[in-house]
Amino acid sequence: MKMTKIYEGSHQWIMFGRDEGKPGNIVDTNQYVVRTANRCLLLDPGGAELFAPMMAAVLHHAPVDQITDLFASHQDPDVISSLGLWDQALTNAKLHAPAIWEGFLRHYSCESIEYVPIPDNGGTIKLESVELQIIPAHYLHSSGNFHVYDPQAKILMSGDVGAAIEGPDSPVFVDNFAAHVEKMRYWHQRWMPSNQAKRVWIERVRNLDIDILAPQHGRMFKGDDVKRFLDWFDALQVGIAV
Amino acid sequence: MTNQTKSQFIAVASITSELSAVMVVAKEISLAAANAKAIAFRAGDKAKGFQPITDFINELAKETIELVTNINIYALVLYRLTVDEFQKTAAYNKFELAAKMAEGAVYAKSMQEPVDHARLSMQDCQRQFKRDVSQLLGQLEAVMHHARAARVIAANSRIEASQAGEYLQSLQAVAESVDKAAHTIHDNVQRCRIALSIYRNS
């Protein structure tokens, strides 16, 4: 599992991904960790297949008892099917996840972890002195979907928005936006169902000061590529399967 | 999923399947008892010895139904325990793998507690499963006892039926159906016991 520190300040952001040991027939995912002095938040911690390498990777940054919070942007298995395992490993943790998916996510088993339902209009996650904003991203692609924005680090964890499916050797940041576009086009057109939802999200996100846009698959965008992505996504017609 | 886990799931699931067949047969015995009672009533003095037997048959059928109902509830508990054990074993294996992969990590040692806890939970589940299997085998033995009693009643029924003149054929048919049902119950329950006996607490 490759680990890349993408922010270092009063707290840290670490990106985990490009797992070489992952079975070839499951989709590659990026996991993110926000680390404060005594706490640790896992953003979209991944599928059950990924639990062991992910836990092993996190142990380079935090002890088990300081993994206090999990966040699931939506209900998909590549996002959170490891929940049942985290549930048995962590004795004092919270899962922040869409309220509308609570009854569904509990199928993965959630006995010791406290489910903190996120209402449709979003909210915040407080990790010691760090306050993260939960940004609504409904229908992008899931009907109950959220992203996480850190105003201090200027990072937006954008779930499936900005995603691309790539090989385990690909770089973690987009280095040539024009070349990267084709890797994202079908993904966004096919997985994202609503042009209206897309417009609302772009309007909301354009008001945020973002240095890094960090999707759950593929490469992250930084600097001017963030605006390039938003402009490109704005012009894209989605929901092409109907 | 290991072969042993698969076998365990199959063994527990087969109990419910075998016992639903036993339930059908027990209800058939109950019907046969009602039928026999009506025949014996019509036969009057000719089937005097048969009348108390019909009550035995009916009582036996009712008790068997009650026992099987309880065992089915118990089998469901056993199934849940099997699922629980499967999840706990899977977690233990993943935790061990995580601990191994984390060798050299700054906080690798912190994984030991979850590994130990998962191992204990898994072992608790395995012990509980064996205990519950032993109890279930005891309940199945009670059903077998009922099946054996039903066969004795069927043999007595045949003797009494032979004294019943023109009602002989009808009452013999009742005796035959009770005997056949007892055989079916015996065979089905025996299959449950064989499937479960390898998990018995030693």
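Put A:His11, A:His61, B:His183 in order of accessible area, largest first, 1.4 Å probe: what do you get?
From most accessible down to least: B:His183, A:His61, A:His11.
Phi-derived couplings, Karplus 6.51 cos²θ - 1.76 cosθ + 1.60 at θ = phi - 60°, listed residue by residue for the range B:104-121: x, 6, 4, 10, 4, 5, 5, 7, 4, 4, x, 5, 4, 5, 5, 5, 5, 4 Hz, with x used for Gly and Pro.
Note the full-extension length gain between A:Asn92 and A:Ser143 as 0.36 nm times their separation in residues minus their Cα-Cα distance, in nm to one decimal.
On the way: separation 51, 0.36 × 51 = 18.36 nm, distance 2.89 nm.
Using 0.36 nm per residue and subtracting the Cα-Cα distance, I get 15.5 nm.
At the residue level, B:Glu63 shows approximately 80 square angstrom of accessible surface with a 1.4 angstrom probe and all protein chains present. Taking all Cα pairs closer than 8 Å and separated by 6 or more residues, the relative contact order of chain B comes to 33 percent. Can you give the FRET efficiency for B:Ser197 and B:Glu66, using 1/(1 + (r/R0)^6), R0 = 25 Å, r = Cβ-Cβ distance, to the nearest 0.05? That gives a FRET efficiency of 0.55.
For the set B:Val106, A:Val116, B:Val115, solvent exposure ranked by accessible area (probe 1.4 Å, protein chains only) runs largest to smallest as B:Val106, A:Val116, B:Val115.
Here chain B is assigned +1 on the Cβ of each Lys and Arg and -1 on the Cβ of each Asp and Glu. Its dipole about the Cα centre then comes out at about 240 debye.
A crude spin-label estimate for the pair B:Ala13 and A:His60, with each label 7 Å from Cα along the Cβ direction, gives 4.2 nm.
What is the percent of Cα-Cα separations in the range B:3-197 that go past 24 Å? All intermediate terms of the calculation are to be shown ahead of the outcome.
On the way: 10251 of 18915 pairs.
Value for the range B:3-197: 54 percent of Cα pairs lie more than 24 Å apart.
Would you mind getting the accessible area per residue of chain A, heavy atoms of the protein chains only, 1.4 Å probe, in Å²? Per residue, chain A has an accessible area of 39 Å². Each principal axis of the Cα cloud of the range A:78-213 was taken in turn, and the coordinate range along them, longest first, works out to 46, 31, 29 Å. Note on the range B:1-154: with neighbouring protein chains present and a 1.4 Å probe, carbon and sulfur make up 57 percent of its accessible heavy-atom surface. For the range B:3-197, the residue among B:Val133, B:Leu67, B:Phe86 whose Cα projects farthest onto the positive side of the dipole built from Cβ charges is B:Phe86.
Over 42 Å apart: what share of the alpha carbon pairs of the protein assembly as shown falls there, rounded to a whole percent? Walk me through the intermediate numbers first.
On the way: 39372 of 98346 pairs.
The calculated P(r) of the protein assembly as shown puts 40 percent of pairs beyond 42 Å.
With R₀ fixed at 60 Å, the C-beta to C-beta distance from A:Ser194 to B:Ala155 puts the FRET efficiency at about 0.20. Going by a ≥ b ≥ c, the root eigenvalues of the Cα gyration tensor, does the range A:2-235 fall in the rounded group (a/c under 1.5), the prolate group (a/b larger than b/c) or the oblate group? Rounded.
Within 10 Å of the Cβ of each residue in A:49-58, the mean number of Cβ atoms contributed by other protein chains is 5. Which lysines have a Cα lying under 30 Å from the Cα of B:Lys37, excluding residues fewer than 8 positions away in the same chain? B:Lys37 reaches B:Lys27, B:Lys46, B:Lys48, B:Lys62, B:Lys180.
Report, as an integer, the average count of C-beta atoms from other chains found within 10 Å of each Cβ along B:92-104.
Details: counts 1, 1, 10, 7, 1, 5, 12, 4, 2, 9, 9, 2, 3.
Neighbouring Cβ atoms belonging to other protein chains average 5 per residue here.
In terms of accessible area, using a 1.4 Å probe and ignoring ligands and nucleic acids, A:Met1, B:Met122, A:Met184 rank largest first as A:Met1, B:Met122, A:Met184.
Compared with the dominant principal axis of the Cα atoms in chain A, helix A:224-235 is inclined by about 60°.
Mind giving me the FRET efficiency for A:Gln133 and B:Arg80? R0 is 41 Å, r the Cβ-Cβ distance, nearest 0.05 is fine. Don't skip to the end; give the middle numbers.
On the way: r = 41 Å, r/R0 = 1.00.
The formula returns an efficiency of 0.50 here.
Measuring nothing but how far apart in sequence close Cα pairs (under 8 Å, 6+ apart) lie, relative to its length, chain A scores a relative contact order of 15 percent.
Shape of the range A:167-221 from its Cα gyration tensor (a ≥ b ≥ c, root eigenvalues): rounded if a/c is under 1.5, otherwise prolate when a/b > b/c, or oblate? Verdict is oblate for the range A:167-221.
The values are calculated or read from the model by the stated rules, or taken from the named source; none is laboratory data. The model shown is predicted, which means the values in this text are computed figures rather than measured ones. All Cβ positions, even for glycine, are placed from backbone atoms using ideal geometry, and neighbour counts span all protein chains on display. Please note that ligands, DNA and RNA were not included when accessible areas were found on the heavy atoms of the full protein model with its side chains. Shrake-Rupley method; radii C 1.70, N 1.55, O 1.52, S 1.80 Å.
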